[in-house]
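K.L.:
The following block contains the structure, expressed as structure tokens.
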Amino acid sequence: MSTATVTKTEVLLTEVDQFSAHNYHPLPVVLERGEGSWVWDVEGTRYLDMLSAYSAVNQGHRHPAIIDAAVKQMGMLTLTSRAFHNDQMGPFLKMLCDVTGFEKALPMNTGAEAVETAIKMVRKWGYKVKGVPEGKAEIIVCENNFHGRTTTIVGFSSEAQYKDGFGPFTPGFVEIPYGDAEALEAAINENTVGFLVEPLQGEGGVVVPAEGFLAKAREVCSTNNVALIADEIQTGLGRTGRMFCYDWEGIRPDVLIVGKALGGGVYPVSAAIADAEFMDMYTPGDHGSTFGGNPLGAAVGLASLEVILDEELAKRSDELGTWFMDELRKINSPHVEEVRGKGLMIGVVIKESSGTARPYCEALQARGILAKETHHQVIRFAPPLTISKEDLEFALGHAKEVLA
């Protein structure tokens with residue numbers, strides 16, 4: 001009687017299934033190595049990464065300059081807390097402010113932390129500067145938003161699952177339809193302090209608002225003395241073909257939130273960025289993070305920004321993304337409703353009559369391409385911005401077969 005061989009993948013998947021909370025539904029692949037746009041699993045199979053860890057690996061896996069910066073700093077000093085200064089945080093924040101055009105930045109670790117940082121800052125600005133009565137501040141958000149997973153943030157999500165069983169929730173948030181500037185204007189009252197918006201909704205299904213929405217939102221916010229808060233955690237740092245997605249409409253938010261690619265796929269680094277009018281709301285004891293601004297994260301963040309600039313990754317994203325999106329739209333598939341996006345953040349929407357996007361992602365995995373569904377019907381393609389056109393052609397060939 002023969003005994004079936006158990007693969008290393010099966011062993012590791014069983015281990016995770018036993019010892020981890022089941023809060024994700026990943027594709028059944030176990031990765032152990034990455035380089036550039038490619039990753040390898042524990043069986044030695046090579047895959048093209050078309051997700052980039054949800055845009056956290058814009059610079060590609062293990063970019064040499066970022067790895068060198070991390071290794072060098074690990075040999076010196078990794079953590080001081082904010083009880084003391086370190087020699088890396090200042091240069092990093094100066095670079096971040098130079099790149100974004102704002103006066104000050106507050107470093108954090110995860111995107112959700114940076115969103116919370118922005119919310120607290122804008123609320124305090126509303127009370128101390130705008131004169132909103134204490135406890136009455138309101139922030140307008142959009143339907144279908146995704147800003148993170150804290151209890152405050154999921155409380156203003158329109159996704160029922162994100163909230164189920166986690167209440168009670170923080171009050172003070174008003175929801176409007178995404179991309180509707182008239183609804184924004186109508187929702188503003190004397191207690192409105194901010195409008196928190198993703199210039200393009202990534203997790204919500206790669207949803208692109210109508211052209212002119214951000215410019216109109218900027219105008220409405222300025223007229224009503226409301227802080228425009230741009231969440232560019234996924235869309236920023238070159239992903240959509242500009243350094244920031246709001247650059248497509250030539251506007252400037254009051255508060256900018258960045259994360260993911262700021263850590264170069266090596267270390268969690270995020271930040272809330274604004275001019276002194278907002279940032280000076282914070283005084284010692286108001287807010288903090290033990291790891292925020294640590295020397296290792298700062299060194300990695302600085303190197304990550306330098307790679308984006310030196311290699312003109314926003315320009316690459318624009319050129320390659322435009323080509324790839326055009327080619328995807330040429331596929332004559334009975335299953336595809338539309339292809340949408342900007343730069344190298346692209347969503348292929350599967351018709352509900354053709355089922356969900358999951359089986360298509362599984363079929364792509366079988367062909368050596370890793371992509372992931374979002375909002376059930378959308379295949380998200382968001383490869384490293386360093387990807388070559390040849391690798392995109394490889395992905396396109398298989399996408400044509402899977403979608404047809």
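Readers should treat all values here as calculations from the given coordinates under stated rules, not as data from a laboratory. Fair warning: this is a prediction, and the values are worked out from it, not measured in the lab. With ideal geometry, Cβ positions are generated from the backbone for all residues, glycine too; neighbour counts draw on all protein chains shown.
K.L.:
I want to check a number: in segment 64-310, how many lysine pairs have alpha carbons closer than 16 Å, given a sequence separation of 8 or more or different chains? Present the calculation step by step, with values, prior to reporting the outcome.
P.N.:
Working: K94/K104; K104/K120; K120/K128; K120/K130; K120/K136; K124/K136; K128/K136.
Qualifying lysine pairs in segment 64-310: 7.
K.L.:
For helix 64-74, what angle does its Cα long axis make with the longest principal axis of the chain, in degrees from 0 to 90 and rounded to 10?
P.N.:
Value to nearest ten degrees: 60.
K.L.:
Fewest to most neighbouring Cβ within 10 Å: what's the order for D231, D87? Before the final figure, lay out the partial values.
P.N.:
Values: D231 29, D87 13.
Final ranking by Cβ density, sparse to dense: D87, D231.
K.L.:
Which one, A187, A382, A160, has the greatest fluctuation when you compute a Gaussian network model over the chain with C-alpha springs under 10 angstrom?
P.N.:
Taking springs between Cα atoms under 10 Å, the residue moving most is A160.
K.L.:
Mind checking the full-extension length gain between K400 and E32? Use 0.36 nm per residue of separation minus the Cα-Cα distance, one decimal, nm.
P.N.:
129.7 nm
K.L.:
Now a separate question. Which option, (i) 22.2; (ii) 20.3; (iii) 19.0, is the value of mean projected area of the Cα convex hull in nm² that was calculated from these coordinates?
P.N.:
So the calculated entry is the one marked (i).
K.L.:
While we're looking at this one, here's another question. How big is segment 99-187 by the Kirkwood estimate over distinct Cα pairs, in Å? Can you show the working numbers first?
P.N.:
Working: mean 1/r = 0.0687 Å⁻¹.
Final number for the Kirkwood radius of segment 99-187 is 14.6 Å.
K.L.:
Using alpha-carbon pairs under 8 Å, 6+ residues apart, how would you state the relative contact order of the chain in percent?
P.N.:
Taking the mean separation of contacting Cα pairs over the length of the chain, I get 23 percent.
K.L.:
If you place +1 on the Cβ of every Lys and Arg, -1 on the Cβ of every Asp and Glu, and leave all else neutral, what size is the dipole of segment 310-404 about its Cα centre, to the nearest 20 Debye? Working shown, then result.
P.N.:
Values: 13 positive and 16 negative charges, 64 e Å.
Using Cβ point charges on Lys, Arg, Asp and Glu, segment 310-404 gives about 300 debye.
K.L.:
Let me ask something additional. What is segment 3-135's relative contact order, in percent, from Cα pairs under 8 angstrom and six or more apart in sequence?
P.N.:
Values: 67 pairs, mean separation 14.4, N = 133.
It rounds to 11 percent for segment 3-135.
K.L.:
Oh, and also: As I understand it, the value is the acute angle between the Cα axis of helix 8-19 and the longest principal axis of the Cα atoms of the chain; what does it come to in degrees, rounded to 10?
P.N.:
40 degrees
K.L.:
Roughly how many nanometres apart are two label points built 7 Å out from the Cα toward the Cβ at M76 and A363?
P.N.:
Using points 7 Å along Cα→Cβ, the separation is 5.1 nm.
K.L.:
Please give the net charge around S52, taking every other residue with its beta carbon less than 11 angstrom from that of S52, where Lys and Arg add +1 and Asp and Glu add -1.
P.N.:
Once all neighbours under 11 Å are counted, the net charge is +3.
K.L.:
Right, something else. R0 = 30 Å: FRET efficiency of E134 with E159, Cβ-based, nearest 0.05? Mind showing how you got there, number by number?
P.N.:
Working: r = 31 Å, r/R0 = 1.02.
Once rounded, the FRET efficiency stands at 0.45.
K.L.:
To the nearest 20 debye, what charge dipole does segment 221-273 have about its Cα centre, counting +1 at the Cβ of each Lys and Arg and -1 at the Cβ of each Asp and Glu?
P.N.:
On the way: 4 positive and 5 negative charges, 31 e Å.
Result for segment 221-273 is approximately 140 debye, rounded to the nearest 20.
K.L.:
Can you give the convex hull volume of the alpha carbon atoms of segment 240-387 per residue, in Å³? Provide the component values of the computation, followed by the final result.
P.N.:
Working: hull volume 23.6 nm³, N = 148.
Dividing the Cα hull volume of segment 240-387 by its residue count gives 159 Å³.
K.L.:
Going by how many other Cβ atoms sit within 10 Å of their own, how do I331, I257, I346 line up, fewest first? Could you put the intermediate results ahead of the total?
P.N.:
Working: I331 17, I257 30, I346 23.
The order, fewest Cβ neighbours first, is I331, I346, I257.
K.L.:
Which value, in debye to the nearest 20, gives the size of the charge dipole of segment 64-310 about its Cα centre, when Lys and Arg are +1 and Asp and Glu are -1 at the Cβ?
P.N.:
Details: 18 positive and 31 negative charges, 131 e Å.
Dipole size: approximately 620 debye.
K.L.:
Next question, about the same structure. Towards the positive end of the charge dipole of segment 64-310, with charges on Cβ (+1 Lys, Arg; -1 Asp, Glu), say which of N145, P268, P168 has the farthest Cα.
P.N.:
P268
K.L.:
Tell me, S388, S157, S289, S55 in order of fewest to most beta-carbon neighbours within 10 Å? Present the calculation step by step, with values, prior to reporting the outcome.
P.N.:
Details: S388 14, S157 22, S289 18, S55 27.
Least crowded to most crowded, the residues run S388, S289, S157, S55.
K.L.:
Please give the helix 213-223 orientation as an angle from the longest Cα principal axis of the chain, in degrees from 0 to 90, rounded to the nearest 10.
P.N.:
10 degrees
K.L.:
Figure the gain on full extension for A215 and N332 (residue separation times 0.36 nm, minus the Cα-Cα span) and round it to one decimal in nm. Write out the running numbers ahead of the final one.
P.N.:
Values: separation 117, 0.36 × 117 = 42.12 nm, distance 3.47 nm.
Taking A215 through N332 to full extension adds about 38.6 nm, to one decimal.
K.L.:
How large, in Å, is segment 149-253 by the Kirkwood hydrodynamic radius built from its alpha-carbon pairs?
P.N.:
Taking the inverse mean of 1/r over all distinct Cα pairs, segment 149-253 comes out at 14.7 Å.
K.L.:
Which whole-number percent is the relative contact order of segment 204-249 (Cα, under 8 Å, 6+ apart)?
P.N.:
On the way: 22 pairs, mean separation 13.3, N = 46.
With pairs under 8 Å counted, the relative contact order is 29 percent.
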